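A.B. asks: After the structure tokens below, expect a handful of questions from me.
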Amino acid sequence: MQTRVAVVIAFLGFAACRVVDPPPPPDAPRITAFTTDKSRIASGESATLTFTTTGASKVSITDDRGGSVEIQGEAASGTATVAPRNSAFYVLRAVGEGGSDTAFVQIAVNEPLKDVFLLAVPSTVTAGQSAQLLWGAAGASAVTLTAGNGAPQTLTGTTGVVAVTPARSTEYVLSAQGAPGTPALTALARIAVTPVISSFNFDAVNGVKANETINFTWTTAGATSLVLTERTFGTIATITDEATLANGAHDFTVPVKLPNGFDLSDGLALHFTLTAFAESNSASRIISTSVGNRPAFELLTTPEAASVGTQFTIAWRTVNATRLAVLVGGQPVFETLPNQLARVANGSVKLAAPNAQTEYTIVASNGTGLEARQTRTVRAVSLPTIDTFTLTGTVNAGGDPATARWTTTNANRVVLRVANGSAVAEVTNPSQVASGMATVRPLQSMTVLLEAYNTAGDVTRKSATVQVSTPSVSISPDPVLRGDMATLTWNLSGLGVTEVVGLATPTIESVGGSAGFVDISTAGGVQQLVFADPNDGAEKLPAIPGFEFRLLNEAKADLWVSVNGFISYSNPGALNLNTNLADGGVAPDLIAPFWDDLQLGTNSEVVFAVQSRANTNEKFLVVQWNRVQVASDPTSELTFQAHLYETGQVSFHYRTLNGAVNSATTAVKESSKRVALQYAFNGSPTLAADLELNFFNAGLPDGMQTFVAGPAERIAFYGRTGQNVLPASALVRSFGAGDVSVTEAMPMPDVSTGSSGQWVELRNNARVTVDFGGLALETLATGDAGFIIPPGTNVDAGGYLVIGQSVDMQANGGARVDVLEPGLVLGVPDSVKVTLSGTTLGQLAWDAGVQSTSIQPAADVLVASGQPAPSCMRRITYGNGTFGSPGAANESCADYSVSSIASAFALAPAGSTILASIGSDDDYGNVTLPVPFTYFGVPTTNLGLSTNGFVTLTSAPLTTSNRFNETLPTTSEPNGTLAIFWDDLVRDTGLNAMWRAGDRTIVTWQNYRMIGTSSTTTRINVQVHLIDDGAIEFHYGDITTTETSQSTIDRVFGKEATVWIERQDGLLAIPYAINQTNGVVPNSGIRFTPR
């Protein structure tokens, strides 16, 4: 935002002064042309949109469903190519300093153009937001527009755009009059308004007593009715009066008796919910207090046991408390600080595990002297150990048995598990846990894990590998270029397999009259989820020792259960408005047996437990919604379940569906695999009691799947027999540019070693261990006829492979050489590259060399054009003092070291600084950091933020959004960039926010998308952590797309992005990835640590 300030300067000693008038306001931007080269096309054809503007600083094109269209050109003029499957309208919006302008074009697919039309863009808005009505009436002599029951508004011309801001959901009618005496033609459009609750307050913050009256007040917009409820006492009031809806109040006298007839007692938590309705849309706010002023625990969790030498967690949720303490023997071991009221209300603490059984007293108190106490006992146990673990080394054919044997100490349970997959055996008998055996029937070579657990849930693991001489599963071609087609083939019928589970099968199995509902309400080990918000709340499931859920090979470490009938993998917020996934509806990745606006009634609950499948003993997690209600129908009652199998199957089961059950989405969405399987949307087809729905099962025992090879990964699935499951997997050895790096070479070894000291080092940049067998290593001497790396050359993720003339460390000068290639000859100058089918994956070239010093690329530092590379004295040596680091990371001349870390992406919490003044696309802004941060040795409090995936830390404010990522540092603005995902990004319905969390300031880009995609297909979540000790962390959350274009997919994962930190003067940057496919990895992290 730019602000003009008129400054008047008075000069002392002058009788008069001249006042300069402020400059006139700038002209509004204007769209001078917006056309299409084809207004009618056949399905599959494309059309080119062309525009010119004046006075615009940025432009955007969207289709009539809100999806963005990628533009080629600048704000003044440009083009866009579109290929709609159905007839569509495209809207051009030009924005400048003087305002905005809008125009549209129509493209008909396999039908004539519409002569009379009225279209709302968007068709759903939040109360207070505006929409645009696109209209046309070719050949009409008179045109009017009528909103609801209002008076007609005369429109001029035969086409145009009308901006409207409806207070409520409104139907608009366009009437076009033709020749005199002919009936008028009409077109309809409807804009649905989602209500907003701006405030909801009461006067009982410090508690209330029986027979006391609570006064509630609220302000809302867009609502047609309000319902005030309390979790224990049910509906308190329903408001439909027009004036009271927008700004109203209500008094409620607290009853003396509970609904069950018992007396009201101190400490009872009261949760009041105000829900605003507008047809099928709703919004809710909740506030809480308690009876009396005495503090109370709503939730308190402690473990029964903790392992000596570790930590354990105590978690709580309180009401009417201002302080919380944990006591041992009457002495505090933890106390909250006076300013930590939020932590008192809902918090946790990690404590060192005791060395012996210990009682912990948790005390919640307030300023009145009242308190609540609970005492919990924690047993001390020893960590489990695996003393021995062996596995049959080789079997002849897939499905042949391999025997695992083990001995353990301090364990109460062992699990035999396929690495990154399902458990295949579990033992709890004490004697067999201590010394036992189990059989595995692998279908191909694989790694098997033995997990030993103690009663505290801590685990230790050991692995062993079994080789299968004739596997039953294969990938072809092998290896394969990333982006090419590959085929997965399996042949399991001869092993008694009746179905394959865990693969992305395209059909949903529907079973009516099923008896598969497993009522876990009273089952052993069942746990209940307690929701802070009983209307739209979501809670994270605690870790379940020994259970791992993977969906289509994607590990789902975090499972969030929503009151609204679905499971997601991060906190989804309220998300009470379901969408149609089959029609591109926006939704996070989720498992949704009944996604609707639901609520917990007096008798409702959500419970979960792990169960085992009969016959095959597959473990699966059951999440059960018991007697929940549809928010718009308090008389409704729904009981249903989701079953999440370790083998990858997902099942939904329905027991009771009474009331309004025709407004839900039933589906599974996994964007990373481009899967969105939907069974029902808003009652079509109808869900019924005793219905069972199965996803990712019923695959044929013998079959194949063809797919586009993405990054290297292991595809895992299972063959189900009548007695067990057979684990199957195949490694997709896919390679593309950047997946392998040539990181170091030794062309001039110590003279004492001769040529036998020459070697080349490669790095595996994939996220999984990959066999480099079949890749070619080429030099200037070999040309295309390079050395072929032998099969079975496995390189760990992020690991190194050294290929040299000698594996004898005495002869080669002390280098650890993994693969022998006596024919490797390096010269000066020379170039080494790794190729597959003629495609270069990685390359290192040099023009000169120094004796006894390896060649290392200056990949850790980039310098501006014309600047000398920073001098860096080589210090790391190997063997007899030769400078180099074969098999390890290179030396760095940078001010920061770079390392990979686990992702700690977090959604913006309540109370964050929302940077709402920054626009949605190609915009920027400046804020003050809450705590000074030292960057390249210079403290600063100035932070500039661009919507295009970077922030700046300099003394000067940011003055550009710069959607074109830089690949070399430059003194031109912006400088001092911390680029977490520098590309042309768009916020749309997402947000930018900043907040403090412990020792760090966090800045986030949440629910963004890539230009040229839509918010229905692509989600990008990234954030920068500025840690008080000077370290910088980039954290990547969910990054997903269902786009089918490989170039778009590559771009979403970093093919056109810069990831680096740049010095304030713009002369030097420390890169992580620049225009590199897979340079941006979902659910990962990068740390820049100052040296």
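A.B. asks: What strands (runs of 3 or more DSSP E) lie completely within the range 1008-1091 and have 2 or more residues being among the hydroxyl-bearing types (S, T, Y) and either under 17 Å from A902 (Cα atoms) or out of contact with any helix residue (DSSP H, G or I) (no Cβ under 8 Å at 6 or more places or on another chain) (or both)? Write out each step before concluding.
C.D. replies: Working: elements: 1018-1027, 1032-1041, 1058-1062, 1068-1074, 1084-1090.
Those strands (runs of 3 or more DSSP E) span 1084-1090.
A.B. asks: Taking the conditions exactly as written (surrounded by 15 or more Cβ atoms within 10 Å (Cβ to Cβ), under 25 Å from the mean Cα position of the chain (by Cα), under 22 Å from L907 (Cβ atoms) and at pLDDT below 95), does A543 satisfy them or not?
C.D. replies: Details: surrounded by 15 or more Cβ atoms within 10 Å (Cβ to Cβ): no; under 25 Å from the mean Cα position of the chain (by Cα): yes; under 22 Å from L907 (Cβ atoms): yes; at pLDDT below 95: yes.
Taking the combined requirement at face value, the residue does not satisfy it.
A.B. asks: I'd like the full set of residues that are without any contact (Cβ under 8 Å) to a residue 40 or more places away in the chain and part of a loop (DSSP other than H, G, I, E, B), limited to the range 662-694.
C.D. replies: At the first step, the residues of the range 662-694 found to be without any contact (Cβ under 8 Å) to a residue 40 or more places away in the chain are 662, 680, 683-686, 689.
Within the range 662-694, N662, G683, P685, T686, A689 qualify.
A.B. asks: In this structure, is T686 out of contact with any helix residue (DSSP H, G or I) (no Cβ under 9 Å at 6 or more places or on another chain) and surrounded by fewer than 17 Cβ atoms within 10 Å (Cβ to Cβ)?
C.D. replies: Numbers: out of contact with any helix residue (DSSP H, G or I) (no Cβ under 9 Å at 6 or more places or on another chain): yes; surrounded by fewer than 17 Cβ atoms within 10 Å (Cβ to Cβ): yes.
For T686, the condition - out of contact with any helix residue (DSSP H, G or I) (no Cβ under 9 Å at 6 or more places or on another chain) and surrounded by fewer than 17 Cβ atoms within 10 Å (Cβ to Cβ) - is met.
A.B. asks: Consider the range 99-142. How many of its residues are without any contact (Cβ under 8 Å) to a residue 40 or more places away in the chain and assigned to a strand (DSSP E or B)?
C.D. replies: 2
A.B. asks: Please find, within the range 1051-1085, the residue that is nearest to A906 (Cα to Cα) out of those that are within 18 Å of the chain's Cα centre (by Cα), buried (at least 22 other Cβ atoms within 10 Å of the Cβ) and β-branched (V, I, T).
C.D. replies: This residue is V1080.
A.B. asks: State yes or no: is F277 closer than 28 Å to N576 by Cα, in contact (Cβ under 8 Å) with a residue 40 or more places away in the chain and not assigned by TED's automatic domain parsing to the domain that holds N412?
C.D. replies: Values: closer than 28 Å to N576 by Cα: yes; in contact (Cβ under 8 Å) with a residue 40 or more places away in the chain: yes; not assigned by TED's automatic domain parsing to the domain that holds N412: yes.
Yes; evaluated as a whole, the condition is true for this residue.
A.B. asks: Say we look at the range 851-866 and pick out the residues that are β-branched (V, I, T) and modelled with pLDDT of 90 or more; which of these is farthest from P749 (Cα to Cα)? Can you show your working first?
C.D. replies: Filtering the range 851-866 for residues β-branched (V, I, T) gives 853, 855, 861, 863.
Of the ones still in play, those that are also modelled with pLDDT of 90 or more are 853, 855.
Details: T853: 7, I855: 11 Å.
So the residue we want is I855.
A.B. asks: Only residues that are surrounded by 15 or more Cβ atoms within 10 Å (Cβ to Cβ) and either without any contact (Cβ under 8 Å) to a residue 24 or more places away in the chain or over 13 Å from A83 (Cα atoms) (or both): list them for the range 33-56, please. Reasoning before the result, please.
C.D. replies: Start the filter on the range 33-56 by keeping residues that are surrounded by 15 or more Cβ atoms within 10 Å (Cβ to Cβ), which leaves 34, 36, 40-41, 47, 49-56.
Of everything in the range 33-56, those that are surrounded by 15 or more Cβ atoms within 10 Å (Cβ to Cβ) and either without any contact (Cβ under 8 Å) to a residue 24 or more places away in the chain or over 13 Å from A83 (Cα atoms) (or both) turn out to be F34, T50, F51, T52, T53, T54, G55, A56.
A.B. asks: Which one of these is within 37 Å of the chain's Cα centre (by Cα) and of a type in the set (V, I, T): T769, T753? Spell out how you get there, then give the answer.
C.D. replies: Numbers: T753 fails: within 37 Å of the chain's Cα centre (by Cα).
After applying the criteria, what remains is T769.
A.B. asks: On to the next question. I need a count of the residues in the range 726-755 that are under 27 Å from P829 (Cα atoms), among the β-branched types (V, I, T) and part of a strand (DSSP E or B).
C.D. replies: So the first thing to find is which residues in the range 726-755 are under 27 Å from P829 (Cα atoms), and the list is 736-755.
With the extra rule that they be among the β-branched types (V, I, T), the set shrinks to 740, 742-743, 751, 753.
The next check asks that each one be part of a strand (DSSP E or B); those that pass are 740, 742-743.
Count: 3.
A.B. asks: Let me ask you something else. What strands (runs of 3 or more DSSP E), lying completely within the range 383-449, carry at least 2 residues that are at pLDDT 95 or above and of a type in the set (S, T, Y)?
C.D. replies: Once the strands (runs of 3 or more DSSP E) in the range 383-449 are filtered for at least 2 residues that are at pLDDT 95 or above and of a type in the set (S, T, Y), what remains is 385-391, 402-409.
A.B. asks: Tell me yes or no: at least one residue of the range 502-510 is hydrophobic (A, V, I, L, M, F, W, C), farther than 28 Å from L575 by Cα and under 24 Å from the mean Cα position of the chain (by Cα). Walk me through it before giving the result.
C.D. replies: Of the range 502-510, the ones hydrophobic (A, V, I, L, M, F, W, C) are 503-504, 508.
Of the ones still in play, those that are also farther than 28 Å from L575 by Cα are 503.
If we keep only those that are under 24 Å from the mean Cα position of the chain (by Cα) as well, we get 503.
Within the range 502-510 (the criterion being hydrophobic (A, V, I, L, M, F, W, C), farther than 28 Å from L575 by Cα and under 24 Å from the mean Cα position of the chain (by Cα)), the answer is yes, since at least one residue qualifies.
A.B. asks: Among the residues of the range 599-652, which ones are without any contact (Cβ under 8 Å) to a residue 60 or more places away in the chain and over 22 Å from L691 (Cβ atoms)?
C.D. replies: Once the filter is applied, which keeps residues that are without any contact (Cβ under 8 Å) to a residue 60 or more places away in the chain and over 22 Å from L691 (Cβ atoms), the range 599-652 yields N603, S612.
A.B. asks: If you don't mind, there's one more thing I want to ask. Restricting the range 791-811 to residues that are closer than 30 Å to V751 by Cβ and out of contact with any Phe, Trp or Tyr (no Cβ under 9 Å at 6 or more places or on another chain), which is surrounded by the most Cβ atoms within 10 Å (Cβ to Cβ)?
C.D. replies: Here the answer is Y800.
A.B. asks: So, one more: Any residue at all in the range 381-389 that is among the aromatic types (F, W, Y), in contact with a Phe, Trp or Tyr (Cβ under 9 Å, 6 or more places away or on another chain) and either surrounded by 14 or more Cβ atoms within 10 Å (Cβ to Cβ) or more than 30 Å from T470 (Cα to Cα) (or both)?
C.D. replies: Restricting attention to the range 381-389, the residues satisfying the condition of being among the aromatic types (F, W, Y) are 389.
With in contact with a Phe, Trp or Tyr (Cβ under 9 Å, 6 or more places away or on another chain) added as a condition, the list becomes 389.
Checking which are either surrounded by 14 or more Cβ atoms within 10 Å (Cβ to Cβ) or more than 30 Å from T470 (Cα to Cα) (or both) leaves us with 389.
Within the range 381-389, one or more residues are among the aromatic types (F, W, Y), in contact with a Phe, Trp or Tyr (Cβ under 9 Å, 6 or more places away or on another chain) and either surrounded by 14 or more Cβ atoms within 10 Å (Cβ to Cβ) or more than 30 Å from T470 (Cα to Cα) (or both).
The values are calculated or read from the model by the stated rules, or taken from the named source; none is laboratory data. Remember, it's a predicted structure, so these values are computed and weren't measured experimentally. Cβ coordinates were reconstructed from backbone atoms using ideal geometry, including for glycine residues, and neighbour counts include every protein chain displayed.
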